[in-house]
Amino acid sequence: MKKFALIGLVVAIMFLAISCAPNLVSYPPAAINPVVVKRLQNFKISSQMPSEEYGAAFKNVIENNKNTAVVYQEKSFPIFNQMYQKYQKKDFDGMDVLIAKAKIVNAEWANSYLALKNAYEKLGEANKKIGNVAIKTKTEQLINVSKECIEEMLETINTIRKFLDMAEGYNRSRIEKNLSFLTKENEQKYNNIAESLHRSEDGLNKKWMYSLEISIELNKLLNNYR
Amino acid sequence: MKNLVLIGFWIMMLLWLNSCAGTYKHIEVEYPPLSPYAKYKAISLEVVSPKDVNKEEMKSFKELIIRAFQKRGISVVDDIERPKLVVEIMELSKESVIKRGIKWALAIYIGGPWIQNTSNAVTVKVSMKDKGKVIEFKEFQEFKESIRDWEDFKKTVANRIADAVYFAY
C-alpha cells in the first residue's frame, strides 16, 4: 500500500513539474520589406537643392534611413531569426549569448533611430527657410509621415527590449530550475509582448514604405528645381 | 530495511533534482556609446525604501544601479538641476537560511518541488522627475522578476532600471 502511495506521489510531482511548463507563443521575426531596403540602396539624391542647408539636411535624412535599415536588417534580424529557429527546435544551447548579442544590437538600433529623428528635425528647420512652395509642402508632408514611422520604430525598439528581458528571465529560470518565475502573469505578459512585437514590425514596414515613397516624390521635385 | 531503501530513494531523487539546476551564465552587455541625441546623459538618483529594508542590501543595490548607468555612459551626479530618477523599493528581501532549511526538510519528508522555488524578492517603482513632470516607468509593475542567485537578481533589476532610462525619449 505504501509503495502505491509512494509511486502516486512521484507521479503527482512529475505532473506538477510538467504543468508548470509555460505555454509561450513565438512568432517568426519580420524582416524589413526588401523593396524598402533596395529602394534606399539605389536612392540617388538630387543634385539640385533650394539651399545648401536644406541639401545637407535631406542627404542626412536619406543616409540615416539607410543606416537604420542596415542595422536592423543585417544585424538584428539574423539574431532574432536564429533565436526563433532554436525555439522551434527546443534547442536552448547558447541562448544566453544570443540574448546578450540582441540587446547590444537593439541599443545600436536605438542610437541610429535617434540620429534619424534628429535628421528629420534638422530638415524641418531648413525647410522653414526656403521659398519654393511645392518643395516646402512636400517636405512638410514627408516630415509628418516620417514622424509616425519613427514613433513606430521607437515602439518596436522598446518592445524588443522588454521582450529580451522576459526571454532572458525564462532562459535563466530554465537553467536555475526556478519555478517561481513561471507564473501565469509572466506567461501572459510574455505572450502579449511577443504579439505586440509581431504587430509592431508589420506596422513599421508599412509606415516606412509610405515614408520612402514620399521621399522619392520629393526627390523628383528637387530634380526639377531650377 | 525497506525504510532505508525508501530514504535512499528520496535522497537520490533530491540530489538528482538539485544537480539538474545549473547557474545562469550572466553575460555583461557592452553597450554602444550613448547617442549625442539621447535624452538623459546625466541624472541625479534617489533611492527610497521602507524602514525594514536591510541597509547593507540597499547600499549594495544603489551601487549596482550607479554602475549600470556608468556602463551605459549615463553619469549619476549630485545636482538638483538634473532630472531626478526616483527608485522606490517596495520589497528587497533575500531568502533566509531558515526558510531554505524548512524547504529542504519539507522536500525530504513529504516531497514536492519546494526547493525549486525561491522567495528572493526585488520589487521597485521607478519614476523620473524632469522639469516639473513625473514620468513613470510602468514596465517595472508589468512582470515579476524571480532569480535564485541573489546577487544576480539585484544586478538584473539594476540593469533593467538603467536600460529604461537609456532607451527613454
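Any read-out appearing in this document is the output of simple, stated calculations on the displayed coordinates, not a laboratory observation. Since the structure is predicted, the reported quantities are computational estimates derived from the model, not experimental observations. Every residue, glycine as well, gets a Cβ built from its backbone with ideal geometry; the counts of neighbours run over all protein chains shown.
Laid out as a table, the results:
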| item | result |
| --- | --- |
| Computed label-point distance, nm, for sites B:S60 and B:D78 using a 7 Å Cα→Cβ extension | 2.4 |
| Charged-residue dipole, Cβ positions (Lys, Arg, Asp, Glu), the range B:41-166 about Cα centre, Debye nearest 20 | 60 |
| Within 10 Å of each Cβ in B:24-32, the average number of Cβ atoms from other chains | 6 |
| Lysines whose Cα lies under 22 Å from that of A:K122, excluding same-chain neighbours fewer than 8 positions away | A:K44, A:K59, A:K66, A:K136, A:K138, A:K147, A:K207, A:K220, B:K39, B:K41 |
| Peptide B:136-144 - average C-beta neighbours from other chains (10 Å radius) | 4 |
| For the range B:41-166, radius of gyration divided by Kirkwood radius, i.e. Rg to Rh on alpha-carbons | 1.07 |
| ³J(HN,Hα), Karplus 6.51/-1.76/1.60, whole Hz, each residue of the range A:27-43, x for Gly, Pro | 10, x, x, 8, 7, 5, 3, x, 5, 4, 4, 5, 5, 5, 4, 8, 5 |
| GNM flexibility winner over chain A from A:A21, A:A31, A:A194 (Cα, springs under 10 Å) | A:A21 |
| Top positive-direction residue, dipole computed over the protein assembly as shown with Cβ charges, set A:N223, A:N81, B:A42 | A:N81 |
| Residues B:L106, A:L123, sorted so that the one with the fewest Cβ neighbours within 10 Å comes first | B:L106, A:L123 |
| Residue mean of other protein chain beta carbons inside 10 Å, A:117-125 | 1 |
| Cβ-defined net charge surrounding B:T23, 12 Å radius [Lys, Arg +1; Asp, Glu -1] | -1 |
| Fewest-first sequence of B:I80, A:I45 by Cβ atoms within 10 Å of each Cβ | B:I80, A:I45 |
| Globularity index of chain A, i.e. its alpha-carbon radius of gyration over 2.2 N^0.38 Å | 1.39 |
| Over 39 Å [Cα-Cα, the protein assembly as shown], rounded percent | 32 |
| Estimated dipole of chain A in Debye, rounded to 20 [Cβ of Lys and Arg +1, of Asp and Glu -1, Cα centre] | 300 |
| Residue order, fewest to most surrounding Cβ atoms within 10 angstrom, among B:D79, B:D149, A:D93 | A:D93, B:D79, B:D149 |
| 0 to 90° range, to nearest 10: angle between helix A:95-128 axis and chain A longest Cα axis | 20 |
